[in-house]
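A quick write-up on the structure given underneath.
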Amino acid sequence: MPSRALPDLDENLGGAASQLLSQTIQINTVNPPGNERPLAELLVAAARREGLEANVIETPSQGSKRGRAAAWARLPGTGKRPPVVLLSHLDVVPAEPSGWAVDPFGGLVAGGYVVGRGALDAKGLAVTHLLAMAALARRDTRLSRDVIFLSTPDEETGGRNGAGFITQRHKDLLRGAEFLFTEGGGILLGGDDAPNVWGVAVAEKVPCWTRLTARGTAGHASTGGLHGPVPRLVAALERLRRMQTEVRVVPEVAQMFRKLAPLAESENRAGLANLGDTLASDPEFERRFLADDARAALVRNTVAVTVLKAGSSPNVVPEEAVAELDVRLLPDERCDEFLEQLRDVVSDPSIRIEPILAFENRSSPSDTELFRAVERVASEIDPGAVVVPRVIAGFTDAHYFRELGIVSYGFVPRWLPPSETRGIHGPNERVSIENLERGIEATVKILEAIGR
Ligand SMILES: [Zn+2]
């Protein structure tokens, strides 16, 4: 356990943040297997040094040598109002060193940046949350709400043994929270004359990962094998490839584009302001809108074939052929209902179709005190910025908390050019010390605004 004390927060916030972030990056938490426990211990120790109540929370650890755990800390308020939770995760995705200019687990601090796997996703967020709480802990006045820090294991592989476990077995740690912030949204730099966009994720698409399995009898391939599992699976996938999913605008998506419309190219402004009607009535607009994959994904279900497994030798007909699909549904849909549609399209009862990862994903309202607090802080520290309630095509752990009725927003106060967002799950992930500092200050301001 490194016991180096951090630089003084008041004197050198950026120094303290970059030093702590560098330490967290040096603890390898690639998931699988995760091994997040040493990192949870480091964050809990840092929180306690700053005077916060903090604990390591045991989570299921099968297959992990150094153990898995969550880090939890609390800054007590007066208790007049329910708590706000700051949620991040401890695990990271793998980093292939050959794509990196530096050691992804070296925790390098240089040229105004902290570089390494997790700098953005999500160790930088955990450090931002913790130091914002530490800064508030030094004040004489208390907020009306407790602020609860929670950083969980297992997010990158679905969160069942992290946020899922905590929300089922340790609801007490959340103490009846009303609001939550986590990853999923952030601030996109406008550039030139365009304003910055503060994207607050209020809804996510619904994952419905699916496995298709065709089975048959293994045998010698010299007699053809035309009806074997592989050709049947290929035919099924071809039918899925030709399937057109319906274009449909859910209210959260309509709201998002209405807000973004004034910033768009002039030819699209009117259409985006009234997305559902325009997509239905203006084929030229529809073509332009759907040509952008990121936009198109927000108005239809998507099916991506990502895994294929069958056979190992050219002269043997395998017993089994398997395909896995990354299916993402619009926020109000259910996986089991969509799988019925898939079965109709495949129309081959000999192929088994089953979900491998699926959950419902409620959305959070944007008409809340928390959203208004973000808007107020944006107008104060980033004049002219536009705050947009966003729907994201990815998913985070937010759904576990939305299921408990907690208003949960994906929002990280970090001003990123598109070039830096590519570091998320990619090589040379880095965050500027300036962004860490400004992010901590913005988090403090938002907490003050809702904690009066
Ligand atoms: Zn993440």
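The values are calculated or read from the model by the stated rules, or taken from the named source; none is laboratory data. As the structure is a prediction and not an experimental result, all values here were calculated from the model. Virtual Cβ from ideal backbone geometry, glycine too; neighbours counted across all protein chains shown.
If you go through region 147-170 and keep only what is surrounded by 22 or more Cβ atoms within 10 Å (Cβ to Cβ) and of a type in the set (Phe, Trp, Tyr), you end up with just PHE149. Here GLY199 fulfils each of the conditions (1) within 16 Å of the ligand (Cβ to nearest atom); (2) in the same structural domain as TYR409 (by TED's automatic domain parsing) apart from (2). Can we say PRO104 is surrounded by fewer than 24 Cβ atoms within 10 Å (Cβ to Cβ), under 20 Å from GLU36 (Cα atoms), within 16 Å of the ligand (Cβ to nearest atom) and not hydrophobic (A, V, I, L, M, F, W, C)? Judged against the criteria, PRO104 is not a match. Among residues of region 1-33 being hydroxyl-bearing (Ser, Thr, Tyr) and at pLDDT 95 or above, the one that is surrounded by the fewest Cβ atoms within 10 Å (Cβ to Cβ) is SER22.
Tally up the residues in region 363-381 that are under 12 Å from TRP198 (Cβ atoms), in contact with a helix residue (DSSP H, G or I) (Cβ under 6 Å, 6 or more places away or on another chain) and hydroxyl-bearing (Ser, Thr, Tyr), please. Residues that pass the stated criteria total 0.
Looking across region 63-121, the residues that are more than 22 Å from the chain's Cα centre (by Cα), outside any loop (DSSP other than H, G, I, E, B) and not small (Gly, Ala, Ser) come down to ARG74, LEU75, PRO97, LEU108, VAL109, TYR113.
Conditions tested, residue by residue: (1) assigned to a helix (DSSP H, G or I); (2) within 17 Å of the chain's Cα centre (by Cα).
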position: ARG160; (1), (2): no, yes
position: GLN168; (1), (2): yes, no
position: PHE181; (1), (2): no, yes
position: ASP193; (1), (2): no, no
position: LEU212; (1), (2): no, no
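Are any of the residues in region 436-445 under 30 Å from SER98 (Cα atoms) and not hydroxyl-bearing (Ser, Thr, Tyr)? Yes - at least one qualifying residue is present in region 436-445.
Restricting attention to region 233-278, the residues being under 28 Å from GLU337 (Cβ atoms), in contact with a Lys or Arg (Cβ under 9 Å, 6 or more places away or on another chain) and not in a loop (DSSP other than H, G, I, E, B) number 5.
Screening region 382-423 for residues that are within 25 Å of ASP193 (Cα to Cα), of a type in the set (Gly, Ala, Ser) and in contact (Cβ under 8 Å) with a residue 12 or more places away in the chain and picking the one that is farthest from the ligand (Cβ to nearest atom) gives GLY384.
Considering the conditions (1) surrounded by fewer than 23 Cβ atoms within 10 Å (Cβ to Cβ); (2) away from the ligand (no atom under 16 Å from the Cβ), PRO94 is excluded by exactly one of them, (2). If a residue must be buried (at least 24 other Cβ atoms within 10 Å of the Cβ) and either without any contact (Cβ under 8 Å) to a residue 60 or more places away in the chain or of a type in the set (D, E, K, R) (or both), how many such residues does region 107-120 contain? Here the count works out to 1. Taken together, GLU96, GLU155 contain a single residue that is within 29 Å of GLY394 (Cα to Cα), at pLDDT 95 or above and charged (D, E, K, R), which is GLU155.
Cβ-Cβ distances below 6 Å connect the following pairs, each with a first residue in region 82-94 that is within 17 Å of PHE411 (Cα to Cα), a second residue that is near the ligand (Cβ under 10 Å from one of its atoms) and at pLDDT 95 or above, and a separation of six or more residues or different chains: LEU87/THR182; SER88/ALA122; SER88/LEU125; HIS89/ALA122; HIS89/GLU155. Each residue in region 331-349 was checked for being in a helix (DSSP H, G or I), free of Cβ contacts under 8 Å to residues at least 12 places away in the same chain and not charged (D, E, K, R), and 1 pass. May I ask you to say which residue of ASP336, ASP348 is over 30 Å from THR223 (Cβ atoms) and charged (D, E, K, R)? Going through ASP336, ASP348 in turn, just one is over 30 Å from THR223 (Cβ atoms) and charged (D, E, K, R): ASP336.
Of all residues in region 405-419, those satisfying the criterion of being more than 14 Å from the chain's Cα centre (by Cα) and either modelled with pLDDT of 95 or more or not small (Gly, Ala, Ser) (or both) are GLY405, ILE406, VAL407, PRO413, ARG414, TRP415, LEU416, PRO417, PRO418. Looking across region 34-64, the residues that are surrounded by fewer than 19 Cβ atoms within 10 Å (Cβ to Cβ) and either over 26 Å from THR443 (Cβ atoms) or aromatic (Phe, Trp, Tyr) (or both) come down to GLU58, PRO60, SER61, GLN62, GLY63.
Restricted to region 136-146, and to residues there that are out of contact with any Gly (no Cβ under 7 Å at 6 or more places or on another chain) and either at pLDDT 95 or above or among the charged types (D, E, K, R) (or both), the residue that is nearest to the ligand (Cβ to nearest atom) is LEU136.
Out of all the residues in region 176-187, is one or more out of contact with any Asp or Glu (no Cβ under 7 Å at 6 or more places or on another chain), crowded, with 18+ Cβ neighbours inside 10 Å, of a type outside the set (A, V, I, L, M) and not assigned by TED's automatic domain parsing to the domain that holds LEU21? Scanning region 176-187 turns up no residue that is out of contact with any Asp or Glu (no Cβ under 7 Å at 6 or more places or on another chain), crowded, with 18+ Cβ neighbours inside 10 Å, of a type outside the set (A, V, I, L, M) and not assigned by TED's automatic domain parsing to the domain that holds LEU21.
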